[in-house]
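The values are calculated or read from the model by the stated rules, or taken from the named source; none is laboratory data. This one's a predicted model, so the numbers in the text were calculated from it and none came from an experiment. Note that each Cβ is placed from the backbone with ideal geometry, even for glycine, and that neighbours are counted across all protein chains shown.
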Amino acid sequence: MKFTDLGLLPELLRAVEDAGYTEPTPIQVQAIPVVLAGQDVMGGAQTGTGKTAGFVLPMLQRLARHASSSPSPARHPVRALILTPTRELAMQVAESVVTYGKHLPLRSVCVYGGVDIKPQTAELREGREIVVATPGRLLDHVQQKSVNFNQVEIVILDEADRMLDMGFIPDIRRILAMLPKERQSLLFSATFSEEIKKLADSMLKQPQLIEVARRNTVSETITHRVHLVAADKKRYLLLHLLLQAPDMQVLVFVGTKFGTARLATWLERQGVNAVAIHGDKSQQQRTEALEAFKTGTARVMVATDVAARGLDIDDLPHVINYELPHVAEDYIHRIGRTGRAGKSGDATSLVAPEEAPRLTDIEKLLKLKVEKVEVGGYESLATAEPERRGRGHSHHERERHGPKASVQLPSPVAHVPSVAADGFDFLKPYEPAGADLPGASKGSNLPPKQPLRPVAALLGGLGKK
Ligand code: AMP
């Protein structure tokens, strides 16, 4: 199947060619003709499948008849609304709208919170056919009356399951209630819970169901590996793994915002260039962190599930789960960043004894027994009581078993201090005031960090251009 077989306008085919795509992905093959025909869609697809082009290309084609180079705002009412759960995803979708629509005189705007509202208001007042938005900020604009939905023909809900996780469904329902009844609606979600189905029922009319293979069915190219390790030794094991593969860029997942910031700071102090991305970061900081990672200046990006979701970093050779996710499906989202399109990838998880039930859930979902690999000196002891096991105890255990001859432990493991040499106290509450930003490693006496080889190509950053 070729793009030319899908009935797309020459302007869109040219943009696709400019983007360097040779053939449509499975979701594009299925979605494009259905959306072009004006039907509603319920799509089961994750980020990384090419779903954005799957809905943006036919959406642009359906709006092409309204394309106008007139400067008058009245000639550019909002015709299409794309709702996304996160700012990052909104920015990426908006970028796709620009990329695929570059040969059509349609105007678009990206609207999200955490930044000054005025420039967005000014853009909306100038008239924009396509609005890509996160729900909260869009409602702010509704309140300010800077946006009018009377002429909306298409509404697209991207990553509906994540909207649900983030508590956005009431906002979505409020927005949907303001749209004309006669319209085309598309809903994309990686999973379909009862609540998502309910939303789909109220939003879609006789939708076409489109589903592409789940990531767990294409995981053969990914090597899953578990290192059993006590929670308080994890950071040393992570450092050890990073030192073993000094050229590798790694996305590290941590369960909480606090843990994310703290781990990135600690890695920085050990001389590893790391950035953190989580919900407490300003938009500017998140964009900068992502850029540093994409260009290779940062070797490690430490992220929470929510912050990493939808980021255009989906072709990475190595993902490390510093903590296992509470929801097994999040494991699939996380490792979906690696092993794409038949390439090999590594998914390593550092699992403490208390996380064993989560590992069982993940193995059940993957229908796979994940290989447990011991790294000498870091292995956790299954018999140990996780809550009560103090530092002295683990030292004692180590003596009993003796360190593995093959691996040298970094010295901190010997007595796992809570206060690092430079005074950083791991037991202190997290303080966000910029302390976790790169560059906080002044105290480190390690050699200055070299920018790494850019890996933008690996990160999907070049494909769109
Ligand atoms: P998405 O799932 O929409 O986030 O897309 C994931 C990545 O695939 C993006 O970097 C797109 O630029 C890229 N992509 C989308 N469609 C194609 C295609 N037909 N061929 C190659 N790459 C594509």
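Can you confirm whether THR84 is within 18 Å of GLN184 (Cα to Cα), among the polar types (S, T, N, Q) and within 16 Å of the ligand (Cβ to nearest atom)? Steps first, please.
Details: within 18 Å of GLN184 (Cα to Cα): yes; among the polar types (S, T, N, Q): yes; within 16 Å of the ligand (Cβ to nearest atom): yes.
Yes: the conditions hold for THR84.
Of the residues THR47, THR86, THR99, THR22, the single one that is at pLDDT 95 or above and within 28 Å of the chain's Cα centre (by Cα) is THR99. The condition (being of a type outside the set (Ser, Thr, Tyr), assigned by TED's automatic domain parsing to the domain that holds SER202 and at positive phi) is satisfied by just one residue among GLY48, GLY101: GLY48.
Kindly indicate whether any position in region 177-193 is on the phi > 0 side of the Ramachandran plot, in a loop (DSSP other than H, G, I, E, B) and surrounded by fewer than 21 Cβ atoms within 10 Å (Cβ to Cβ). Looking for residues that are on the phi > 0 side of the Ramachandran plot, in a loop (DSSP other than H, G, I, E, B) and surrounded by fewer than 21 Cβ atoms within 10 Å (Cβ to Cβ), one finds none in region 177-193, hence no. Does GLY54 satisfy being crowded, with 22+ Cβ neighbours inside 10 Å and either within 13 Å of the ligand (Cβ to nearest atom) or modelled with pLDDT under 95 (or both)? It is true that GLY54 is crowded, with 22+ Cβ neighbours inside 10 Å and either within 13 Å of the ligand (Cβ to nearest atom) or modelled with pLDDT under 95 (or both). If the condition is being in contact with a Ser or Thr (Cβ under 8 Å, 6 or more places away or on another chain), part of a helix (DSSP H, G or I) and surrounded by 24 or more Cβ atoms within 10 Å (Cβ to Cβ), then region 261-282 contributes only GLU268.
When region 125-144 is filtered for residues that are part of a helix (DSSP H, G or I) and in contact (Cβ under 8 Å) with a residue 24 or more places away in the chain, the ones remaining, listed by number, are ARG125, GLU126, PRO135, GLY136, ARG137, LEU138, LEU139, ASP140, HIS141, VAL142, GLN144.
Restricting to region 15-40, name every residue that is surrounded by fewer than 23 Cβ atoms within 10 Å (Cβ to Cβ) and away from the ligand (no atom under 12 Å from the Cβ). GLN30, PRO33, VAL34, LEU36, ALA37, GLY38, GLN39, ASP40 - these are the residues of region 15-40 that are surrounded by fewer than 23 Cβ atoms within 10 Å (Cβ to Cβ) and away from the ligand (no atom under 12 Å from the Cβ). One residue stands out among those in region 136-160 that are crowded, with 21+ Cβ neighbours inside 10 Å and among the charged types (D, E, K, R): the one that is farthest from LEU124 (Cα to Cα), which is GLU159.
Restricting region 111-124 to residues that are assigned to a helix (DSSP H, G or I) and of a type in the set (D, E, K, R) leaves a set whose member that is farthest from the ligand (Cβ to nearest atom) is LYS118.
Evaluation of VAL93 against the conditions (1) at positive phi; (2) within 22 Å of the chain's Cα centre (by Cα) shows that the sole unmet condition is (1).
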